[in-house]
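Enquirer: Once you've had a glance at the structure underneath, I'll fire off some questions.
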Amino acid sequence: MLKADEQRIVSDLILTKEAFSIASLNFLQREQNYFDLLNCSLGVNFKKIIPVDDIYFTDKQKKSIIKYTDQEYWDFMNFVYQNKETLKSIGKHLDDFSNSIDFTNFPYLDVPRRYSEKDFIDLILSYYSTYGDKYYKIAKKYFDEKRIHIGCDRVQSFVMGYFAPIIWLHSGYIFSTITDYNGYTASSIIHELGHAIDAEMYLFPQQKKVNIYSNMFTEIPSTAFEVGFYDYLKSQHIDVIGGTVLRNNRAANIIFPFHRIREALVDEELLIYENGAAVSSNGKQYNLKKEITYGIGYDFAYHLSEIRKSNPQEFLIVLNNLMTMRKEMTFDDAIEMTGFNYEDFITGKYIKPTIKEDCLTLKKRYFG
């Protein structure tokens, strides 16, 4: 474990090799679990059994994975160290804003409209068709090739769903724990299809060494497509109140994580472990890696949705640039790439009106 504020962070990472051992073992076990999941869920449908041991547990591949896990930890700690003040500043502005409007999360996820299976698939494909043919074709392929499994009880450890990339196939599989064909489930599938599009258009073809599990920018494409879907439900008058509830619920995925990020990073004695967990000096625990990854993802998604409302083509250019250049860019680079003024992005100037409008609309509807 390492203190987040220490100047010697890089040298500590090099010297503290013992800290990587648990992360390496967890990584190997996680990969085995994913492939066990694929085997059990897809073996009957596709008559394919992937030999997990043969693929992932040769000595050469073990060394490769362990080295990759070491780099993953290094990258995360450096990201926290380099962007500490920016992350704290975003958290402060969101705290002040949410307090000023008495922000309320309305997690009424039974409100979004229900659909037949056919209409459910048509809705998702119709939404992706608004981005252009290549996005639509990837989404359609996942349905046509039965790469999407809804109501999979083997992934209860995941909140809503999961994209399992298969690098040598240049494709993957999507699992969702949700069983209803409603707007909430659709948003889960759309989020995971965002990861599939990201992988098939950028990560696989470019062979980029970007960690698709915990890179700090990895959730930007998926959350951008997801938040865009809520705008689509509203703008096309498909399910205005359902879209509002879902978008409000996702605003909480900016406000609450950044509150915890700020709370953690102001602690000068914060301890950060190799798996991204953190413990404050008073014993409070944080899943810091997850909170930063999703907090950044939804923050960017809300900003990108503002671009798409006024200029869909500019939105695609910005999103494509973010996906393409993700490995090389810093947090400041990513903000600059959106075209928003840096200070306005940090203060949330452009997304606060939307969050406030949704919150007030739902307060009026449900509280009178």
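Laboratory data are not the source of any read-out in this text; all were calculated from the coordinates shown. A quick note: this is a predicted structure, and the numbers were derived from the prediction, not measured. Note: ideal-geometry Cβ built from the backbone for every residue, glycine included; neighbour counts use all protein chains shown.
Enquirer: How far is it, in nm, from the label point at Glu343 to the one at Asn311 when both lie 7 Å from their Cα along the line to the Cβ?
Expert: 2.2
Enquirer: Arranged from highest to lowest average of other beta-carbon atoms within 10 Å per residue, in what order do the peptides 112-124, 184-196 appear?
Expert: The peptides rank, most packed first, as 184-196, 112-124.
Enquirer: Related question: Between Lys290 and Tyr81, what is the label-point separation in nm under the 7 Å Cα-to-beta-carbon projection?
Expert: About 2.6 nm separates the two model spin labels.
Enquirer: Let me ask something else about it. Of Lys234/Lys356; Lys92/Lys289; Lys88/Lys289; Lys118/Lys364; Lys118/Lys234, which pairs sit farther than 23 Å apart, going by alpha carbon to alpha carbon?
Expert: Listed pairs above 23 Å: Lys118/Lys364.
Enquirer: Then there's this: Taking θ = phi - 60°, what integer Hz values does the Karplus form 6.51 cos²θ - 1.76 cosθ + 1.60 yield along region 356-363, in sequence order, with x for Gly and Pro?
Expert: For region 356-363, the Karplus-derived couplings read 5, 4, 4, 5, 5, 4, 6, 4 Hz, x marking Gly and Pro.
Enquirer: Another one. Return the FRET efficiency for the residue pair Asp110, His170: r is the Cβ-Cβ distance, R0 is 30 Å, and the value is rounded to the nearest 0.05.
Expert: The formula returns an efficiency of 0.20 here.
Enquirer: What are the ³J(HN,Hα) values, in whole Hz, obtained from phi via the Karplus relation 6.51 cos²θ - 1.76 cosθ + 1.60 with θ = phi - 60°, for each residue of region 242-259 in sequence order, with x given for Gly and Pro?
Expert: The phi angles translate into x, x, 5, 4, 5, 5, 4, 4, 6, 4, 5, 6, 9, 5, 6, x, 5, 4 Hz.
Enquirer: On to the next question. Could you put Arg365, Arg147 in order, starting from the residue whose Cβ has the fewest other Cβ atoms within 10 Å?
Expert: Neighbour counts put them in this order, fewest first: Arg365, Arg147.
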